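So the structure is just underneath, and the comments pick up after that.
The values are calculated or read from the model by the stated rules, or taken from the named source; none is laboratory data. Keep in mind that what you see is a predicted model, and the values were worked out from it rather than measured. Using ideal geometry, Cβ is built from the backbone for each residue, glycine included, and neighbour counts are taken over all protein chains shown. The protein model used for the area step is the full one, side chains on, heavy atoms only, and it has no ligands, DNA or RNA in it. Shrake-Rupley method; radii C 1.70, N 1.55, O 1.52, S 1.80 Å.
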Amino acid sequence: MKKYGIFYGSLTGTTRDVAHRIADALGPDKCDLFDVHDAEPAKLADYETIVLGTSTWGDGDIEENWYDFLAGASAMDLKGKKMAVFGCGDTAMSHTFCNGVGILYKKMLPTGVTPVGAFNVDGYHFDHSDAFIDGKYVGLLLDEVNHADLTDERIREWTALIR
């Protein structure tokens with residue numbers, strides 16, 4: 001069994017690209033990648049750590065392919081599994097920056113997963129994010145539109161936290 005299952009939703013390819021970069025940082029031989037568009041939620045049970053990624057769309061929604069996947073995933077018992085979340089947003093959308101990350105996090109908590117990978121947002125300026133929960137940012141928030149130069153270092157630092 002591989003240690004990490006990386007599940008992502010990506011309409012434009014940005015979150016898919018980040019998911020692959022995260023896999024490279026964790027060690028490609030330790031990861032399997034799944035696009036939630038054609039993945040079965042039951043695959044989550046196969047991994048010690050599940051890594052979930054989404055972009056944020058519209059008024060702060062998750063990427064559309066997550067809806068069906070989450071319907072099945074949120075009903076699972078994943079006690080004993082670790083969960084890390086990441087997402088792509090645009091700080092110009094200052095009132096909903098990376099809200100999708102917060103949505104994934106909240107929807108998956110009832111499964112019994114243990115969250116890991118809270119991370120800082122230093123260098124980004126925005127007004128609100130639903131990924132700020134209980135006094136911390138619950139995962140890796142990225143802005144590939146305005147701050148792509150920060151992404152590689154953030155991925156390195158974050159993956160060190162979730163190992």
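Couple of notes before you dig in:
- Using the 1.4 Å probe convention, the accessible area of the range 45-86 works out to 42 Å² per residue with neighbouring protein chains retained.
- Inter-part distance, the range 52-69 to the range 131-145, computed on C-alpha centroids, equals 15 Å.
- Set of aspartates and glutamates near K81 by C-alpha distance (under 14 Å), chain-local residues within fewer than 8 positions excluded: D46, E48
- Set of the range 102-126 residues, backbone N closer than 17 Å to the point 7 Å along the Cα-Cβ line of D59: 103
- Rounded to 5, percent antiparallel among DSSP beta bridges of the range 1-108: 10 percent
- Of all accessible heavy-atom area on the range 1-65, the percent that carbon and sulfur account for (1.4 Å): 44 percent
- Kirkwood radius and radius of gyration were both taken over the C-alpha atoms of the range 4-76, and their ratio Rg/Rh is 0.96.
- Only one of [x] 30; [y] 26; [z] 20 was calculated from the structure for percent of Cα pairs over 25 Å apart, and its label is [z].
- Å² of accessible area per residue within the range 101-153, as computed with a 1.4 Å probe and no ligands counted: 49 Å²
- Signed unit charges on C-beta, dipole axis of the range 88-163, positive-most listed residue T96, G117, A148: G117
- Summarising the strand pairing of the range 32-163, around 25 percent of its internal DSSP beta bridges are antiparallel.
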